[in-house]
Amino acid sequence: MSPRRLADNQPDRFAFTADNVAWAKAQIKKYPKGRQASAVIPLLWRAQEQDGWVTRPMIEKVAAMLDMPTIRVLEIATFYTMFHLAPVGTKAHVQVCGTTPCMLRGSDDIIAVCKRRIAEHPHEVSADGGFSWEDVECLGACVNAPMVQIFADTFEDLTAETFEKVLNAFEQGETPTPGPQIKRTTAAPVTGLTSLTGKPNGAARPKKAATPTREAASVKAEPTEAPAAALAEPSGAAGELLLYSSPPPDGADDLKKISGVGPQLEKLLNSLGIYKYDQVAAWSADDVAWVDARLTFKGRIERDDWMSQAKMLAAGGKG
């Protein structure tokens, strides 16, 4: 892989939005005094989400916030390919895994599509400004090769044809479903399960009920008048997860304002009975595990810290 350097043309300054300043301060507080440098990757990632790519003023700002030498932040930004060091496409920046497993499974075909559809050379932005691409080292989904990463999501088990469909969706302003692009669950065998085929131990969560059935001691504060969309029965050790059996009468919140939640994920969350920011903000570790098990791309809840985002949105902040 060629050396990674900052783009020649740099903006004069960088500043987080007010909401992102609040978010960054909350991240820094997670670490003991003197260890705030541990928040460098989350802050760089948030800054990149805000402006689209990592700039020199951005690196200097993050370094100042974390009391780090600027060179240390620069080392991190130039080491990880998740950080874009030059402007990228506004609709999609495609990172193509070109290491051995993906190469043997057809990554050259994916790169050929990028050259034809986006630009002849990596790190070039397409004529309409919507797309860019680059060839990167292993992205950690070898069993699902070939694969690409587009912004925060991976698209796996690709062929030239299915990759074209992913690009078409982004071009039309849609959010394609990430993960395997064939009929398999995450990295399960394409031939079907060969082990762990029995029923799991323990009781499954009950289906959403039309009316609340919890004991009063375990019920969170609820309105005295029963709403048209009643809260459903929670379960699990924590007994805290609140679910609606239908959209709440005061309307659903725009869950897409939570970074990492697109239209498809919002639809899935609604189908589970999750409509409001305060529901997400109140999730316990057990609740996170239950919801995460129903997502195609695991781990995104904690990676993007949905709970902190939802808490800020519920309090009137902007996503």
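Numbers for the structure displayed
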| read-out | value |
| --- | --- |
| Selection count, the range 287-305, where residues are surrounded by 18 or more Cβ atoms within 10 Å (Cβ to Cβ), touching a helix residue (DSSP H, G or I) at 6+ places or on another chain (Cβ under 6 Å) and not in a helix (DSSP H, G or I) | 0 |
| Tabulated pairs, the range 277-289, first in the same structural domain as Asp253 (by TED's automatic domain parsing), second among the basic types (Lys, Arg), C-beta under 6 angstrom, 6+ apart or interchain | Ala281/Lys311 |
| Subset of the range 306-318 [free of Cβ contacts under 8 Å to residues at least 40 places away in the same chain and buried (at least 17 other Cβ atoms within 10 Å of the Cβ)] | Met307, Lys311 |
| Residue list for the range 260-319, restricted to those being within 18 Å of Pro247 (Cα to Cα) and in contact with a Pro (Cβ under 6 Å, 6 or more places away or on another chain) | Tyr275 |
| Selection status of Asp128, of a type in the set (D, E, K, R), buried (at least 19 other Cβ atoms within 10 Å of the Cβ) and not in a helix (DSSP H, G or I) | no |
| Output for the range 246-255, where each listed residue is exposed (fewer than 15 other Cβ atoms within 10 Å of the Cβ) and either within 18 Å of Pro176 (Cα to Cα) or modelled with pLDDT under 90 (or both) | Pro247, Pro249, Asp250, Gly251 |
| Residue check, Ala119 at pLDDT 95 or above, out of contact with any Asp or Glu (no Cβ under 9 Å at 6 or more places or on another chain) and farther than 21 Å from Gln10 by Cα | yes |
| Among residues of the range 49-60, those that are surrounded by fewer than 20 Cβ atoms within 10 Å (Cβ to Cβ) and outside any loop (DSSP other than H, G, I, E, B), counted | 6 |
| One residue from His93, His123 being part of a loop (DSSP other than H, G, I, E, B), surrounded by 15 or more Cβ atoms within 10 Å (Cβ to Cβ), touching a strand residue (DSSP E or B) at 6+ places or on another chain (Cβ under 9 Å) and touching a residue at least 12 places away in the same chain (Cβ under 8 Å) | His123 |
| Restricting the range 30-48 to residues that are part of a loop (DSSP other than H, G, I, E, B) and not basic (Lys, Arg), the residue that is nearest to the chain's Cα centre (by Cα) | Tyr31 |
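The values are calculated or read from the model by the stated rules, or taken from the named source; none is laboratory data. All of these numbers come straight from a predicted model, not from anything done at the bench. Cβ sites come from the backbone with ideal geometry, for glycine too, and all protein chains shown count toward neighbours.
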